[in-house]
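For reference, the structure is listed below as structure tokens.
The values are calculated or read from the model by the stated rules, or taken from the named source; none is laboratory data. For clarity, every value in this text was computed on a predicted model and none was experimentally measured. Note that we place each Cβ from the backbone using ideal geometry, even for glycine, and neighbour counts take in every protein chain shown.
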Amino acid sequence: MSPSEQEERSAYMPDIALPTDEKFAVEFNKNGGKFLYCTELSEVYDMLDKIIIEQGWQSEPFFTTDKNLISICQSREIPFCSDITSLVFFTGCEFLIAHNGSILMSEKQLGDKKIVDLPDHIVVFAKTSQLTPQINDGLYQIKRKYDRIPSNITALKNFKLQGADKPEFLSYGSPIKNVYLLLLEDL
């Protein structure tokens, strides 16, 4: 097969399917998200510190309601609050969807808030065990995970591209956010 035939074919049908983790990383970055892979919790802390310095958030309280993330904030001396008017939302997620690089969330992370109501800057802490190939796999896992299926299940999938304007109409009603993902290897 000639290089031009290979290029044409790969645009529609790749010869080799990427593993779930690589597919997610490619799609998440393509959406404009900032992906930070960590093998140890200490790396997560270091990356979080670097994000704070890069963005100038040293005195900005992080909006979070997750007890585990409050613990991280306390250990890193990051101010935190339960006020949605904060500049930064620090959260976990239900699952990471490889197919389109989106982040599946529910009332467990969002409460009764919609994504449009959240701060423009979101820092998500997730683990590799939360990666799933398709959204239906994530929804199935949510159903298995909880006795009562949580409400407000939604996918965060539109991120700000640094230095580029992404037309709002391409987001199909989903607000565009500046998203960092701290992904911890746990498998």
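Within the range 118-128, identify whether any single residue is in contact with a Cys (Cβ under 7 Å, 6 or more places away or on another chain), at pLDDT 95 or above, under 24 Å from Val26 (Cβ atoms) and outside any loop (DSSP other than H, G, I, E, B), and answer yes or no. Checked the range 118-128: at least one residue is in contact with a Cys (Cβ under 7 Å, 6 or more places away or on another chain), at pLDDT 95 or above, under 24 Å from Val26 (Cβ atoms) and outside any loop (DSSP other than H, G, I, E, B).
Cβ-Cβ distances below 8 Å connect the following pairs, each with a first residue in the range 67-78 that is closer than 17 Å to Ile53 by Cβ, a second residue that is assigned to a helix (DSSP H, G or I) and of a type in the set (Asp, Glu), and a separation of six or more residues or different chains: Arg76/Asp49. Do we have Leu69 as outside any loop (DSSP other than H, G, I, E, B), touching a Ser or Thr at 6+ places or on another chain (Cβ under 8 Å) and either surrounded by 20 or more Cβ atoms within 10 Å (Cβ to Cβ) or of a type in the set (A, V, I, L, M, F, W, C) (or both) here? Yes. Looking across Leu104, Leu96, one residue alone is surrounded by 20 or more Cβ atoms within 10 Å (Cβ to Cβ), among the aliphatic types (A, V, I, L, M) and in contact (Cβ under 8 Å) with a residue 60 or more places away in the chain. It is Leu96. Filter the range 77-99 down to residues that are assigned to a loop (DSSP other than H, G, I, E, B) and either at pLDDT 95 or above or over 14 Å from the mean Cα position of the chain (by Cα) (or both), then give me how many there are. Summing the residues that are assigned to a loop (DSSP other than H, G, I, E, B) and either at pLDDT 95 or above or over 14 Å from the mean Cα position of the chain (by Cα) (or both) in the range 77-99 gives 13.
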